[in-house]
Amino acid sequence: MDTQNYENVAHPYVGDPSVKTPAVLHVITGLGIGGAEGVLVDLALSKRAPARPVAVAALVADGPNRAKLESGGTLVIDIGMARGRPSVRGLLKLARVIREIRPDVVQSWMYHADLTSLFALWLSGRRTKTRLLWSIRCSDMDPRQYGTMFRMVLWLWAKLARYADAVIANSDAGVDVHRALGMRARAVLRIDNGLDTYRFRPDAEARARVRNELGISGDMI
């Protein structure tokens, strides 16, 4: 499916009962290089049983992680927003995506995507049917180090956090920092970042090859 022309084609999950709809629609600000983006890619491409697809909606769908997701078979939807510019058209498009995909869960990543997902879910008419999970990915946040616009986003995020079904954090420190900023959530879930132990398993052949390239003997620590 051509994600650039999403508005002009029939969605694969509409009108075909044989096609499994995504259980989760991930919404993220962008798909560049970053910690949150990397965790999202690993999660979206992980093997699940029973197999039920996930989809990713990117407010700004640029960056190398888009290619990784698409090469792994994950539907990436370009919401078409410009970086740093709120867009009513983009908000309405995300609302329509939610209405058509009908996910069980919308999981958003980081402040801008969290807020956009909340408003879009309200507009979609599915707020009582689709769960909304916000995600915070930092353990230290000093608003004084950021510009006025971002501080306004962060202030609004903290005020509206109670409307998400839960807020997911990857550290206790992150939870403490955001509570100090005024976050009052219905529920907070701490879920540590996952690690693919197969990808990072010991590899004796690779070890020997690299040590040989570096001129390190096999018995040297």
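The values are calculated or read from the model by the stated rules, or taken from the named source; none is laboratory data. Remember, predicted model here, so these are calculated numbers, not experimental data. All Cβ positions, even for glycine, are placed from backbone atoms using ideal geometry, and neighbour counts span all protein chains on display. Surface areas here come from the heavy atoms of the whole protein model, side chains and all, with no ligands, DNA or RNA. Shrake-Rupley method; radii C 1.70, N 1.55, O 1.52, S 1.80 Å.
Table for the structure above
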{"item": "Considering residues of the stretch 165-185 that are hydrophobic (A, V, I, L, M, F, W, C), open to solvent by less than 30 Å² (accessible area, probe 1.4 Å) and in contact with a helix residue (DSSP H, G or I) (Cβ under 8 Å, 6 or more places away or on another chain) only, the residue farthest from Phe119 (Cα to Cα)", "result": "Ala169"}
{"item": "Among the residues listed as Arg102, Arg131, Arg89, the single one being charged (D, E, K, R), open to solvent by 10 Å² or more (accessible area, probe 1.4 Å) and touching a residue at least 40 places away in the same chain (Cβ under 8 Å)", "result": "Arg102"}
{"item": "Residue within the stretch 6-26 that is in contact with a helix residue (DSSP H, G or I) (Cβ under 8 Å, 6 or more places away or on another chain), open to solvent by less than 20 Å² (accessible area, probe 1.4 Å) and modelled with pLDDT of 85 or more present", "result": "yes"}
{"item": "Pair list, Cβ < 6 Å and 6+ apart or interchain, from the stretch 189-218 residues that are on the phi < 0 side of the Ramachandran plot to residues that are open to solvent by less than 100 Å² (accessible area, probe 1.4 Å) and outside any loop (DSSP other than H, G, I, E, B)", "result": "Leu189/Ala166; Leu189/Ile168; Arg190/Ala169; Ile191/Ile168; Asn193/Val39"}
{"item": "Number of the condition not met by Arg83 [criteria: (1) open to solvent by 40 Å² or more (accessible area, probe 1.4 Å); (2) out of contact with any helix residue (DSSP H, G or I) (no Cβ under 6 Å at 6 or more places or on another chain); (3) assigned to a helix (DSSP H, G or I)]", "result": "(3)"}
{"item": "Any chance Leu160 is free of Cβ contacts under 8 Å to residues at least 60 places away in the same chain, open to solvent by 10 Å² or more (accessible area, probe 1.4 Å) and part of a strand (DSSP E or B)", "result": "no"}
{"item": "Matching residues in the stretch 27-39 - criterion: being within 11 Å of Arg66 (Cβ to Cβ), part of a loop (DSSP other than H, G, I, E, B) and open to solvent by 10 Å² or more (accessible area, probe 1.4 Å)", "result": "Gly32"}
{"item": "So Asp42, is it touching a strand residue (DSSP E or B) at 6+ places or on another chain (Cβ under 6 Å), acidic (Asp, Glu) and in a helix (DSSP H, G or I)", "result": "no"}
{"item": "Pair list, Cβ < 9 Å and 6+ apart or interchain, from the stretch 63-77 residues that are under 19 Å from Ile98 (Cα atoms) to residues that are of a type in the set (Lys, Arg) and crowded, with 18+ Cβ neighbours inside 10 Å", "result": "Thr74/Lys68; Val76/Arg66; Ile77/Lys93"}
{"item": "Residues of the stretch 115-156 that turn out to be among the polar types (S, T, N, Q), more than 24 Å from Val88 (Cβ to Cβ) and in a loop (DSSP other than H, G, I, E, B), as a count", "result": "1"}
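Residue-by-condition table, conditions (1) closer than 18 Å to Asp78 by Cα; (2) of a type in the set (Lys, Arg):
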site: Ala113; (1), (2): yes, no
site: Gly125; (1), (2): no, no
site: Thr128; (1), (2): no, no
site: Leu132; (1), (2): no, no
site: Val153; (1), (2): no, no
site: Asn170; (1), (2): no, no
site: Gly174; (1), (2): no, no
site: Arg179; (1), (2): no, yes
